[in-house]
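No value in this document is a laboratory result; all are computed from the given coordinates. Owing to the predicted nature of the structure, the values given are computational and were not obtained by experimental measurement. Counting neighbours? That spans all protein chains shown, and the Cβs are built from the backbone with ideal geometry, glycine included.
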Amino acid sequence: MKCETCGSELSGMMPTCPFCGTPDPVYMRRYRQYPPSQGNYPPPGGNYPPPPPPQRNYPPPNINQPPYRSGWQPYDPTNEAPEVMLVILSVLVPLVGVIYGSVCLGNGEKRAGKAYLLAAGISIGAWVILTLFFVLVGFLAAANR
Ligand SMILES: [Zn+2]
């Protein structure tokens, strides 16, 4: 293979003619996929951003984390479940329910407070209805005497 420009013999092992610098077509065809020169590549470390620093503050995985349970929630006072015994007590003694409900609402336990107040309210309503019922029955009984 002779150089196209100067006619000198080319070995095919040099990328360009050693005399005039014309690219050797044989060499280019043979080593096109593996260019020995890295001139077209950006210099290593030139414009690359520095690697991010190691995140020392990253929290370690909690290996003691309990398995996920559906419905599990972190403690939330507004969603505190009412205690069954206090609800029953609120029905039996409405005044207790009103007091407990007020205390729970004051503490931010809206759900439990509302439950106690509701139980007390139902109880009071039931007592009122029962009282009116017996009063009415007594009144009718007295009227029919
Ligand atoms: Zn040449």
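Relative contact order for segment 88-145 using alpha-carbon pairs under 8 Å, separation at least 6, rounded to a whole percent?
33
Enumerate the amide H contacts of T16 below 5 Å, restricted to partners 5 or more residues apart or on another chain; note that Pro and chain-start residues carry no placed amide H.
Close amide H contacts, sequence-distant or interchain: D24.
In nanometres, what is the gap between the two model label sites at A143 and K110, each 7 Å from Cα along Cα-to-Cβ?
4.6
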